[in-house]
Amino acid sequence: NVCHSYCKNKTSINSSYEITINNQTIHTNFKQGTIYMQYFGLPRDEKGIIILPESNNGYVEEYIEYFVKMKIFEKVLTNGDDPSASNLFQYYIAKENEYKTLALTDAKFGRLTPNSYKRLQQSNRMDRLVYELMFPNI
């Protein structure tokens with residue numbers, strides 16, 4: 001039940017090999033062989049704190065900051081500690097939404113390299129060339 005839904009071994013019924021993970025230890029019923037794993041978690045430092053991925057423009061960090069502030073003011077409003085906090089709560093909701101879009105864009109496109117842009121440009125040229133060859137007199 002802790003396997004990812006795309007795990008190829010999740011539905012393997014006829015295999016005599018077994019692998020179990022207990023805390024941070026892998027146990028197998030075989031002594032030799034290869035185990036392939038793909039990790040989907042976030043990296044952590046030696047203290048167990050999540051390491052935030054670096055982004056080109058820093059929008060991921062800004063988004064997390066506004067998200068945390070919005071959650072704090074949400075608790076303040078829910079507890080009724082400060083009724084005047086609703087203005088700041090609305091402000092942080094707006095900022096969190098704004099930076100969420102920027103952070104997603106920054107995270108997705110931050111991995112592109114100059115070669116990625118060149119391949120994209122060549123692909124676009126080839127697409128245009130197909131239409132130019134189809135309609136040469138236009």
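The values are calculated or read from the model by the stated rules, or taken from the named source; none is laboratory data. Keep in mind that this is a model prediction, so the values were computed, not measured. Note that each Cβ is placed from the backbone with ideal geometry, even for glycine, and that neighbours are counted across all protein chains shown. Just so you know, the surface numbers come from the protein's heavy atoms only, side chains and all, with ligands and any DNA or RNA stripped out. Shrake-Rupley method; radii C 1.70, N 1.55, O 1.52, S 1.80 Å.
With Ile19, Ile35, Ile50 as the choices, which residue is on the phi < 0 side of the Ramachandran plot, without any contact (Cβ under 8 Å) to a residue 40 or more places away in the chain, touching a Leu at 6+ places or on another chain (Cβ under 7 Å) and open to solvent by less than 100 Å² (accessible area, probe 1.4 Å)?
Numbers: Ile19 fails: touching a Leu at 6+ places or on another chain (Cβ under 7 Å); Ile35 fails: touching a Leu at 6+ places or on another chain (Cβ under 7 Å).
Just one listed residue meets the conditions, Ile50.
Out of Val60, Val76, Val68, which single residue is over 29 Å from Ile19 (Cβ atoms) and in contact (Cβ under 8 Å) with a residue 24 or more places away in the chain?
Values: Val76 fails: in contact (Cβ under 8 Å) with a residue 24 or more places away in the chain; Val68 fails: in contact (Cβ under 8 Å) with a residue 24 or more places away in the chain.
It is Val60.
Pick out the one residue from Asn79, Asn124, Asn97 that is surrounded by fewer than 10 Cβ atoms within 10 Å (Cβ to Cβ) and not small (Gly, Ala, Ser). Working first, answer last.
Details: Asn124 fails: surrounded by fewer than 10 Cβ atoms within 10 Å (Cβ to Cβ); Asn97 fails: surrounded by fewer than 10 Cβ atoms within 10 Å (Cβ to Cβ).
Residue meeting the stated conditions: Asn79.
Restricting to the range 88-138, and then to whatever is assigned to a loop (DSSP other than H, G, I, E, B) and of a type outside the set (Val, Ile, Thr), can you tell me which residue is farthest from Phe67 (Cα to Cα)? Lay out the reasoning, then the answer.
Filtering the range 88-138 for residues assigned to a loop (DSSP other than H, G, I, E, B) gives 110-113, 135-138.
Filter once more, so that each one left must be of a type outside the set (Val, Ile, Thr): 110-112, 135-137.
Numbers: Gly110: 21, Arg111: 23, Leu112: 26, Phe135: 52, Pro136: 54, Asn137: 56 Å.
Step by step, filter the range 88-138, then rank; the result is Asn137.
Within the range 45-86, which residues are over 29 Å from the mean Cα position of the chain (by Cα), under 22 Å from Lys100 (Cβ atoms) and among the polar types (S, T, N, Q)?
Thr78, Ser86
Taking the stated definitions as given, is Glu61 surrounded by 12 or more Cβ atoms within 10 Å (Cβ to Cβ), out of contact with any Phe, Trp or Tyr (no Cβ under 7 Å at 6 or more places or on another chain) and part of a helix (DSSP H, G or I)? I'd like the intermediate steps shown before the answer.
Values: surrounded by 12 or more Cβ atoms within 10 Å (Cβ to Cβ): yes; out of contact with any Phe, Trp or Tyr (no Cβ under 7 Å at 6 or more places or on another chain): yes; part of a helix (DSSP H, G or I): yes.
Here the answer is yes, as Glu61 does meet what is asked.
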